[in-house]
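Trainee: Before I ask anything, let me first share the structure, which is written out below as structure tokens.
The values are calculated or read from the model by the stated rules, or taken from the named source; none is laboratory data. The structure presented is a predicted model; accordingly, all values stated were derived computationally and were not measured. Here Cβ is always computed from backbone atoms with ideal geometry, including for glycine, and neighbour counts include all displayed protein chains. Areas reflect the complete protein model, heavy atoms only, side chains present, ligands, DNA and RNA absent. Shrake-Rupley method; radii C 1.70, N 1.55, O 1.52, S 1.80 Å.
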Amino acid sequence: VTVAYETWGTLSPSGDNAVLVEHALTGDSHVVGEVGPGHASPGWWPGLIGPGSPLDINELFVVASNVLGGCQGTTGPASAGPDGRPWGGRFPFITIRDQVAAEVALADALGIERWHGVLGGSMGGMRALEWATGHGARVERTLVLASTPYATADQVAWCQPQLLAIRSDPACRGGDYYGYEDWPVTGMGIARRIAHTTYRAAGDLESRFGRDPRLVGNNRANGFAVESYLDHHADKLVTRFDPNSYLVLTDAMNGHDVGRGRGGVDAALRRVTAVTAVVAVSSDRLYL
């Protein structure tokens, strides 16, 4: 397995200063920074890392890896399989624990025996919590944002039409679309629209958009502003993300359960020794 990652700070990593930042479903290791080679969009958490920032690189050594199954350098569906062809639809089912196992190997390679802190939101929060429950001796602090110890039936239900939208796109070809000009971007665009309706509570959408009309330039058009919002996020994602990774990572989130094989969720959480902060986001209906 290849793990792509970025680091910030000039200090040598140690248990006193190393921090791991975990990205969400469609994020990557590019936490902060501008658009550039390999990064079609700017960092997804601007202001988090830097001199004088919450993660001050004068005091901390910060690491962010691209998740196993992703599409920014770490082994994923577009990577070559044993036969030299892209894994595509053959890429195996992976779990949040598998992703953390890859991060454990990365920490070992960097000489980091214990993290000063592990933090992340949504899928990143799942991995942060898995670190704290499965590798507690290696985590001093953890921050879990808008996440959950296991995927609920409601969360899995919202994911199912997203997965079906991609897999039902004729261009999907069972996940073996590499080498073709057309990828299942229509299906992934629909999946992203569904997802974004769950990332915002109904009241938040109402207060932000109400029944305001869609604008095209300075002109009003048929439809509503909230539709433009969904279209915008769909259009952004299909230019930078692999639909197969969307499938693999969503399946991994659906399978998330820190209590599996550990006597249940309560027993698993009692294993946490890290100083832990859990933050809910009231406008996030999926992981409130």
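Trainee: Scan the stretch 140-168 for residues that are hydroxyl-bearing (Ser, Thr, Tyr) and open to solvent by 80 Å² or more (accessible area, probe 1.4 Å) and jot them down.
Mentor: TYR150, SER168
Trainee: Can you work out which of the residues in the stretch 42-71 that are of a type outside the set (A, V, I, L, M, F, W, C) and open to solvent by 40 Å² or more (accessible area, probe 1.4 Å) is farthest from ARG114 (Cα to Cα)?
Mentor: Selected residue: PRO42.
Trainee: Does the stretch 218-237 hold any residues that are assigned to a helix (DSSP H, G or I), out of contact with any His (no Cβ under 7 Å at 6 or more places or on another chain) and open to solvent by 30 Å² or more (accessible area, probe 1.4 Å), and which are they?
Mentor: Listed by number, the residues that qualify are VAL226, GLU227, SER228, ASP231, HIS232, ASP235, LYS236.
Trainee: Pick from ALA267, ALA252, ALA274: which is modelled with pLDDT of 95 or more and closer than 18 Å to ALA24 by Cβ?
Mentor: ALA252
Trainee: Scan ARG211, ARG240, ARG192, ARG200 and give me the residue that is in a loop (DSSP other than H, G, I, E, B), basic (Lys, Arg) and within 16 Å of the chain's Cα centre (by Cα).
Mentor: The unique qualifying residue is ARG240.
Trainee: Which pairs turn up if I take residues in the stretch 124-137 that are under 20 Å from ASP28 (Cβ atoms) and look for partners that are hydroxyl-bearing (Ser, Thr, Tyr) and crowded, with 24+ Cβ neighbours inside 10 Å with beta carbon separation below 6 Å, at least 6 apart in sequence or on another chain?
Mentor: Partner pairs satisfying both residue conditions: GLY125/SER147; MET126/SER147; ALA128/THR142.
Trainee: I'd like the full set of residues that are in a loop (DSSP other than H, G, I, E, B), of a type in the set (Gly, Ala, Ser) and either out of contact with any Ser or Thr (no Cβ under 8 Å at 6 or more places or on another chain) or open to solvent by 40 Å² or more (accessible area, probe 1.4 Å) (or both), limited to the stretch 265-288.
Mentor: ALA280, SER282, SER283
Trainee: Moving to a separate point now. Regarding the stretch 194-206, can at least one residue be identified that is of a type in the set (Ser, Thr, Tyr), in contact with a helix residue (DSSP H, G or I) (Cβ under 6 Å, 6 or more places away or on another chain) and in contact (Cβ under 8 Å) with a residue 12 or more places away in the chain?
Mentor: Looking for residues that are of a type in the set (Ser, Thr, Tyr), in contact with a helix residue (DSSP H, G or I) (Cβ under 6 Å, 6 or more places away or on another chain) and in contact (Cβ under 8 Å) with a residue 12 or more places away in the chain, one finds at least one in the stretch 194-206, hence yes.
Trainee: Further question: Can you tell me which residue among GLY33, GLY50 is on the phi > 0 side of the Ramachandran plot and at pLDDT 95 or above?
Mentor: It is GLY50.
Trainee: When the residues of the stretch 23-60 are filtered to those that are of a type in the set (Val, Ile, Thr) and in contact with a Gly (Cβ under 6 Å, 6 or more places away or on another chain), which remaining residue is farthest from ARG193 (Cα to Cα)?
Mentor: Looking at the filtered set, the residue picked out is ILE57.
Trainee: Which residue out of THR148, THR133 is out of contact with any His (no Cβ under 7 Å at 6 or more places or on another chain) and either assigned to a helix (DSSP H, G or I) or at pLDDT below 95 (or both)?
Mentor: Sole residue among the options that is out of contact with any His (no Cβ under 7 Å at 6 or more places or on another chain) and either assigned to a helix (DSSP H, G or I) or at pLDDT below 95 (or both): THR133.
Trainee: Where residues in the stretch 24-41 are touching a Phe, Trp or Tyr at 6+ places or on another chain (Cβ under 6 Å) and over 17 Å from HIS233 (Cβ atoms), which of them is surrounded by the fewest Cβ atoms within 10 Å (Cβ to Cβ)?
Mentor: VAL31
Trainee: Going by the conditions given, is ARG262 of a type in the set (D, E, K, R), in contact with a Ser or Thr (Cβ under 6 Å, 6 or more places away or on another chain) and not in a helix (DSSP H, G or I)?
Mentor: When the stated conditions are applied, ARG262 does not pass them.
Trainee: Among ALA171, ALA109, ALA101, ALA128, which is the only one that is in contact with an Asp or Glu (Cβ under 6 Å, 6 or more places away or on another chain), among the small types (Gly, Ala, Ser) and surrounded by fewer than 21 Cβ atoms within 10 Å (Cβ to Cβ)?
Mentor: From the options ALA171, ALA109, ALA101, ALA128, the qualifying one is ALA171.
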